[in-house]
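All remarks here apply to the structure that follows.
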């Protein structure tokens, strides 16, 4: 059954995975799980859902070209409804953050401001928008580690670096897929300025960096981790290599490279969790 637009605009599955990643960040930093991690999950879910909603609100014009089936272009949700829903989600997430610690609260407030800035401005800039999304994804692990304080956040920095690099790769390919709508909207994204081919090569370089960085946790988790992460790395490389000959957005979409990278990043989360549980 299709979810109502007012729920679908949240991208609840995406927000829930983000919340679970925060719990994983805490677990990697501490080696244990406490009831308070449910608060982390709720905060990240709310702030991520708020970001998804405000992004759809700000991108309604572009989505009429690139993704007409989304809730606002399809008429399921009005722009006013989306704006109020996003505001409520951000406020709820920040209020819950008050019950964590100052570092977590600071990250929640900063990320909420960054999500709004991304939706209205940063998305249309050259590379800065891609880097913002990558940071926001990587910062979920930092948020989880920060529940232990600054030392916990430092512990998960290598995982955040891996996530950041992989997300840069995927975001560049998503921009390549959306270049027609972005051009009409006046967005100065990487593919609009430098072309599809250059964007694909930048994406490949970021994926290679993510794969190289993924070897570092062997120092924590040993050879079993390496055995698990190698197939994931190969999938990420396959995804980033598949559009390497593409020169138009349709070609990039047909390779399903962004889907492969998404599966690869989810696989990496599974490997991180298994490694943390078994060591």
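The values are calculated or read from the model by the stated rules, or taken from the named source; none is laboratory data. Everything numeric in this text was worked out from a predicted model, so none of it was measured. A quick note on method: Cβ atoms are made from the backbone with ideal geometry, for glycine too, and the neighbour counts reach across all protein chains shown.
In region 118-127, how many are part of a helix (DSSP H, G or I) and exposed (fewer than 15 other Cβ atoms within 10 Å of the Cβ)?
Within region 118-127, the first condition is being part of a helix (DSSP H, G or I), and the residues that meet it are 118-120, 122-124.
From what's left, exposed (fewer than 15 other Cβ atoms within 10 Å of the Cβ): 120.
Counting residues in region 118-127 that are part of a helix (DSSP H, G or I) and exposed (fewer than 15 other Cβ atoms within 10 Å of the Cβ) gives 1.
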Pick from region 149-163, criterion within 17 Å of the chain's Cα centre (by Cα) and in a helix (DSSP H, G or I), ranking: nearest to residue 213 (Cα to Cα): 162
Among (1) surrounded by 15 or more Cβ atoms within 10 Å (Cβ to Cβ); (2) more than 28 Å from residue 184 (Cα to Cα) - the single one residue 73 does not satisfy: (2)
Count of region 63-84 residues which are over 20 Å from the mean Cα position of the chain (by Cα) and assigned to a helix (DSSP H, G or I): 8
Pairs where the first residue, in region 85-107, is assigned to a helix (DSSP H, G or I) and the second is surrounded by fewer than 20 Cβ atoms within 10 Å (Cβ to Cβ), C-beta under 7 Å, 6+ apart: 85/6; 94/109; 96/39; 96/42; 97/105; 103/149; 103/150; 105/98
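Okay, residues lined up against (1) at pLDDT 90 or above; (2) crowded, with 18+ Cβ neighbours inside 10 Å:
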site: 148; (1), (2): yes, yes
site: 168; (1), (2): yes, yes
site: 191; (1), (2): no, yes
site: 215; (1), (2): yes, no
site: 220; (1), (2): no, no
Count of residues meeting criterion [surrounded by 13 or more Cβ atoms within 10 Å (Cβ to Cβ), over 14 Å from the mean Cα position of the chain (by Cα) and in a helix (DSSP H, G or I)] in region 1-43: 18
